[in-house]
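The values are calculated or read from the model by the stated rules, or taken from the named source; none is laboratory data. Just so we're clear, the structure is a prediction, and the values are computed from it rather than from any experiment. Here the Cβ is made from the backbone with ideal geometry for all residues, glycine too, and neighbour counts use every protein chain on show.
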Amino acid sequence: MAPLLLLAGAVAVLSGSMVALQARANGRLAEQVGAFPAAGFSFFSGLAALSLLLVSGRFRARLARVPAAVRSGGLRWFHVLGGVAGGLLVSTQTYAVPMVGVAAFLVAVVGGQVVSSLVVDRQGWGPAPAQALSRARVLAAGIAVVGVALTATAGEAAGGTAPGAGLEGAVLPVAVAFTVGLLASLQFAFNGRVTRAAGVPTVTALINFAVGGATVALIGSVLAATGWLARPSGLDVPWWAWAGGLCGVVFITGAAWAVQHTGVLVFGLLAVTSQVGVGAALDLTNPAMSDRVDTQLVAGMALAVSGSALAGLAAARSARRRSVSRAAAG
């Protein structure tokens, strides 16, 4: 059991790293082709990879369970739309990362997730029962928000060299990332319901990539029709800039396997820590972002991870109390 647990922990770290690598790859690609073309490529390349699973009759049977669950009322129609939040998240990657860096983007998203999880869990929108608000979880959300605020202005005093540096150039992208992070918890909740209906997380991943890709294509079409879509400036990008979609596939499949062996709490802590850590390392190797990795940004990262850890511990305590109550009632 111990070797399997260590392997699952390593996969959790790898999965979190994939989120940071995806953000860096998509951001680099966006610098050349524009935000929405880069987001679209990321989604549709991941969708193409996941579509290979359709050759399996067992996978197709699992996929058929989802529309059947919608027809029977086991799922609501909007539960399959979790990929909309994913589409917005990847689109925000391609917009925000070139301006503020990977680390600040990820801290903002994590902060939004911690805050929105209060509402999602309180309303019981996911597969788990509704959870009452606790002081610990509210405190965790507050800590995460402070971390986001610190990262939004990191590097300003040092004269950060990020494109568009300044109040609008730093705060606005972080605010957008935080807002999209608010939707991420809703996506996780809906995905949990779809996975429960399908029986395997790869079905949920395929549906997410399809819906997210459609979302990106719709927004991109509107921007193109109104003249707001930037034209590509070229395709002179390194090979790894095309790998954002595959990074997303690795994250989803790795997370689906690892969480079964580590539990949600341990997986979340390892993944979030590796996300922001790898994000900071990537920024340090990027000359346009290295000035932003200062003491203030590191403090913001630490607060975001602390808020996530406190929220996870509070959720674990709540789950133990519910388990004890059910055992006593039985």
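Only residues in segment 134-146 that are closer than 20 Å to Val171 by Cβ count as the first member; pair them with residues that are crowded, with 22+ Cβ neighbours inside 10 Å and not hydrophobic (A, V, I, L, M, F, W, C), Cβ under 6 angstrom, at least 6 apart or cross-chain, and list the lot. Listed pairs, sorted by first residue: Ile143/Gly307; Ala144/Gly111; Ala144/Gly307; Val145/Gly111. Does Arg58 count as in a helix (DSSP H, G or I) and surrounded by 12 or more Cβ atoms within 10 Å (Cβ to Cβ)? In short, no. Of the residues making up segment 1-43, those that are aromatic (Phe, Trp, Tyr) and buried (at least 24 other Cβ atoms within 10 Å of the Cβ) are Phe36, Phe43.
Residues that are within 26 Å of Val114 (Cα to Cα), modelled with pLDDT under 85 and either crowded, with 22+ Cβ neighbours inside 10 Å or of a type in the set (Ser, Thr, Tyr) (or both) within segment 194-226 comprise just one, Thr195.
Quick one: which residue in Val298, Val264, Val250 is out of contact with any helix residue (DSSP H, G or I) (no Cβ under 7 Å at 6 or more places or on another chain), within 21 Å of Gln113 (Cβ to Cβ) and at pLDDT 80 or above?
Details: Val264 fails: at pLDDT 80 or above; Val250 fails: out of contact with any helix residue (DSSP H, G or I) (no Cβ under 7 Å at 6 or more places or on another chain).
Sole residue among the options that is out of contact with any helix residue (DSSP H, G or I) (no Cβ under 7 Å at 6 or more places or on another chain), within 21 Å of Gln113 (Cβ to Cβ) and at pLDDT 80 or above: Val298.
For Glu168, the requirement of being loosely packed, with under 15 Cβ neighbours inside 10 Å and at pLDDT below 80 is met. For Val97, the stated conditions do not hold, so it cannot be described as surrounded by fewer than 24 Cβ atoms within 10 Å (Cβ to Cβ) and either in contact with a Ser or Thr (Cβ under 8 Å, 6 or more places away or on another chain) or part of a helix (DSSP H, G or I) (or both).
Just one of the listed residues (Ser72, Ser45, Ser17, Ser51) is of a type in the set (Ser, Thr, Tyr), modelled with pLDDT of 90 or more and closer than 17 Å to Val200 by Cα, and it is Ser51. Checking each residue in segment 102-161 for being at pLDDT below 75, under 30 Å from Pro287 (Cβ atoms) and either touching a strand residue (DSSP E or B) at 6+ places or on another chain (Cβ under 9 Å) or surrounded by 22 or more Cβ atoms within 10 Å (Cβ to Cβ) (or both) picks out Ala152, Ala154, Gly155, Gly160.
Select, from Val237, Val176, the only residue that is under 23 Å from Ala38 (Cα atoms), touching an Asp or Glu at 6+ places or on another chain (Cβ under 8 Å), modelled with pLDDT of 75 or more and surrounded by fewer than 22 Cβ atoms within 10 Å (Cβ to Cβ).
Val237
Pairing each residue of segment 81-109 that is among the small types (Gly, Ala, Ser) with any residue that is in a loop (DSSP other than H, G, I, E, B), provided the two are 6+ apart or on different chains, yields C-beta distances under 8 Å for Gly101/Ala162; Gly101/Asn286; Gly101/Met289; Gly101/Val293; Ala103/Val293; Ala104/Ala154.
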